[in-house]
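First up is the structure itself, then whatever we jot down about it.
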Amino acid sequence: MSEVLAVKAIRVMTYHVHRCRGGDGQTEPERIVEVIRQVAPDLVALQDVNSAEDRCQLTYLAAQLGMQSFGQSRIGGSAFLSFVPLKGVQEYRLAKGGSCQRADVDLAGQRFYLYILRLDTGFYQYRQQVRTLFGPDLLGRHSTQCPQLVIGDFADPLAAALLINWPGSLRRTPTPFWSATYPARFPLLGRDRGYLRGGLRILDCTVLHSSLAREASTHLPVTFTVQMADPRHYLPLDGLKNRRMEIAPG
């Protein structure tokens, strides 16, 4: 029987920041910075960052947190803030207004794929976006190569029932007893969550319910403590080409 190796764990946060506008209508990137500092993640998957009035929100957040940013300055985009090495960062536009950002995460010299999702509400839109997500450019292409973690804003909880029929044996990450994240002031819906495939372990999952988090955005952030089960079984990053970000058709 092969010995299972333990590797270091990292803390990954998903956070829909609503262009840094809170439930009180105030746009204050400083509050988003403080919310992230409360959790101290190694990697943050942001959704809906940068506004028409301030296209530099991502740059500001990265500078204040001392993290490297991976993303574009377009309005309402998704992006990564990270202390850990990321490669192969690409953005994909899903059908009907949805988006997905993918990165290769280097964890103890091994690789797993991390996806940020931002899906749209509505049954028809949701179905089209899920179909694109599992197409040949995204999960369908990378399904057998490395472990995968899919996190973000899954939008309409009713349409999310389609996840039961997703191909590829994606499984829901463990969640705390009260996992609702939206609306932040009085959370009732679990829009922000995660799914995984392959040899990843979720050691812990938490939703931040601090008073500041309830005001800083319309969503509460969710943090996952992630560990690879056995790094000997997965592809190393040495041969991975360093690709520039690109917009892929969806």
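Pick from the range 59-82 the residues that are more than 20 Å from VAL105 (Cα to Cα), aliphatic (A, V, I, L, M) and under 18 Å from the mean Cα position of the chain (by Cα): which of them is surrounded by the fewest Cβ atoms within 10 Å (Cβ to Cβ)? Filtering the range 59-82 for residues that are more than 20 Å from VAL105 (Cα to Cα), aliphatic (A, V, I, L, M) and under 18 Å from the mean Cα position of the chain (by Cα), the one surrounded by the fewest Cβ atoms within 10 Å (Cβ to Cβ) comes out as ILE75. Restricting GLU91, GLU34, GLU53, GLU28 to residues that are of a type in the set (Asp, Glu) and within 21 Å of TYR115 (Cβ to Cβ) narrows the list to GLU91. Tell me which residues, restricted to the range 32-55, are touching a residue at least 60 places away in the same chain (Cβ under 8 Å) and surrounded by fewer than 18 Cβ atoms within 10 Å (Cβ to Cβ). Selection gives GLU34, GLN38, VAL39.
Let's see how each residue does on (1) surrounded by fewer than 21 Cβ atoms within 10 Å (Cβ to Cβ); (2) not charged (D, E, K, R):
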position	(1), (2)
LYS87	yes, no
GLU91	no, no
GLY97	yes, yes
TYR115	no, yes
LEU119	no, yes
GLN128	yes, yes
ARG141	yes, no
GLN145	yes, yes
ILE151	no, yes
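The set of residues from the range 108-133 being aromatic (Phe, Trp, Tyr), assigned to a strand (DSSP E or B) and either more than 17 Å from ARG201 (Cβ to Cβ) or in contact (Cβ under 8 Å) with a residue 60 or more places away in the chain (or both) comprises PHE112, TYR115.
Hey, does the range 164-180 have a residue that's under 23 Å from GLY76 (Cα atoms), touching a strand residue (DSSP E or B) at 6+ places or on another chain (Cβ under 8 Å), crowded, with 17+ Cβ neighbours inside 10 Å and at pLDDT 85 or above? Yes: the range 164-180 contains one or more residues that are under 23 Å from GLY76 (Cα atoms), touching a strand residue (DSSP E or B) at 6+ places or on another chain (Cβ under 8 Å), crowded, with 17+ Cβ neighbours inside 10 Å and at pLDDT 85 or above. Considered as a group, the residues in the range 12-53 that are touching a Lys or Arg at 6+ places or on another chain (Cβ under 7 Å) and polar (S, T, N, Q) include one that is nearest to LEU200 (Cα to Cα), and that residue is GLN47.
The values are calculated or read from the model by the stated rules, or taken from the named source; none is laboratory data. All values derive from a computational prediction rather than experimental measurement. A quick note on method: Cβ atoms are made from the backbone with ideal geometry, for glycine too, and the neighbour counts reach across all protein chains shown.
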